[in-house]
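My questions all concern the structure below.
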Amino acid sequence: MVKVGLTGGIASGKSVVGEMFVALGAHLVQADRIAHSLMQPGEPVYNEVVRHFGREILNADGSVNRAKLAEAAFGSASSGETRRVSRVAELNRIVHPAVLRSQNEWMYAIGSKDPDAVAIVEAALILEAGAKNQFDRIVVVTCGEEQRIARFAARQKLGNEEAAAEVQRRMAAQLPDAEKIKAADFIIDNSGPLNHTRGQVRTVWQELQAAAEKP
């Protein structure tokens, strides 16, 4: 088995690339979905997040309002740099260890069932969380700034100006693409047409498959 970390900046197209790998035969889990499940009412992570960020981040039914949590963690547009970064770090300290444990348990389970598997974890903060060594290969997805903003605006139903400010805020809490690329075994440029991205994915897939099948 080969364990792969799939990462990249916000709205770079990690999920699209992940779906392409799945279509070729990869197993994939999204760290964001793991985090979401860990933040369900009654879970230890949920309790810690509410304790640190307050009940203001909750919906009426007690579930976490992700938009409100993001605002609490990243701050409002007028928030200062120090406050925003410190709150993001606080959230990460609560969530990351549990997510990393779940990822490792998932990869172990996949490897037990299929020794030749390519097991991919899609996560924005693999490098920031210090989790690079948990993987055999790191794939970084990149794209241009204008595309990133346009994709984020479409996804969040925001105007371009508001989307640009939000992307900038969130990117400030992540390593820049240049640093992610330095840590990458493979780089997929998702700036062009999907067929171009798909071609790169196929090339990377062949190498991952070969690594997974080595005795």
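With all distinct Cα pairs included, what does the Kirkwood hydrodynamic radius of the chain come out to in Å, to one decimal, could you say? Write down the numbers at each step before the final one.
Working: mean 1/r = 0.0549 Å⁻¹.
Across the chain, the inverse of the average 1/r is 18.2 Å.
Taking every pair of Cα atoms in region 153-195, average 1/r, invert it to obtain the Kirkwood radius, and report Rg/Rh to two decimals. Spell out each step's value before the answer.
Working: Rg = 13.3 Å, Rh = 12.5 Å.
Radius of gyration over Kirkwood radius for region 153-195 works out to 1.06.
A follow-up question, please. Determine the sum of side-chain charges near residue 108: Lys and Arg each +1, Asp and Glu each -1, restricted to other residues whose C-beta is under 11 angstrom from that of residue 108. Spell out each step's value before the answer.
Working: positive: 3, 101, 113; negative: 105.
That sum, taken over residues with Cβ under 11 Å, equals +2.
Once you have the Cα-Cα distance between residue 51 and residue 132, take 0.36 nm times their residue separation minus that, and quote the gain in nm to one decimal. Let's see the in-between values first.
Working: separation 81, 0.36 × 81 = 29.16 nm, distance 2.94 nm.
Full extension from residue 51 to residue 132 adds 26.2 nm.
Still on this model: Using a Förster radius of 25 Å, what is the FRET efficiency between residue 194 and residue 68 based on their Cβ-Cβ separation? Nearest 0.05, please. Display every interim value, and only then the final one.
Numbers: r = 33 Å, r/R0 = 1.33.
Calculated value: 0.15.
Which residue fluctuates the most in the chain, going by a Gaussian network model with Cα springs under 10 Å, if the choices are 182, 113, 14?
Most flexible of the set in this elastic network: 113.
Continuing with this model, one more query. Place a point 7 Å from Cα of residue 214 in the direction of its Cβ. Which residues in region 90-131 have their backbone N less than 14 Å from it?
Within reach of a label on residue 214: no residues.
A follow-up question, please. Can you return the aspartates and glutamates within cross-link range of residue 14? Criterion is Cα-Cα under 20 Å, with same-chain partners fewer than 8 residues away left out.
Output for residue 14: 32, 122, 128, 136, 145, 146, 166, 177, 179, 185, 189, 207.
Students often check this: by mean Cβ neighbours within 10 Å, which of 44-56, 131-143, 15-27 ranks highest, and how do the rest follow?
131-143, 15-27, 44-56
Follow-up question, since we're still on this one. Report the charge-dipole magnitude of the chain in Debye, nearest 20, computed about the Cα centre from +1 at each Lys and Arg Cβ and -1 at each Asp and Glu Cβ. Spell out each step's value before the answer.
Numbers: 26 positive and 26 negative charges, 45 e Å.
Computed charge dipole of the chain: roughly 220 debye.
Say R0 is 35 Å: what FRET efficiency, to the nearest 0.05, do residue 207 and residue 32 get from their beta-carbon distance?
0.85
Report the one residue of 75, 4, 119 whose Cα lies farthest in the direction of the positive end of the charge dipole of the chain (charges on C-beta: Lys and Arg +1, Asp and Glu -1; origin at the Cα centre).
The Cα lying farthest towards the positive end belongs to 75.
Using Cα atoms only, what is the angle between the long axis of helix 194-212 and the major principal axis of the chain, expressed in degrees (0 to 90) to the nearest 10?
Between the helix axis and the principal axis of the chain, the angle is about 60 degrees.
On the principal axes of its Cα set, how long, how wide and how thick is region 114-215? Give whole Å, largest value first.
So the three principal-axis extents are 52, 32, 24 Å.
We did not get these values from a lab; they are worked out from the coordinates using the rules stated. Everything numeric in this text was worked out from a predicted model, so none of it was measured. Here Cβ is always computed from backbone atoms with ideal geometry, including for glycine, and neighbour counts include all displayed protein chains.
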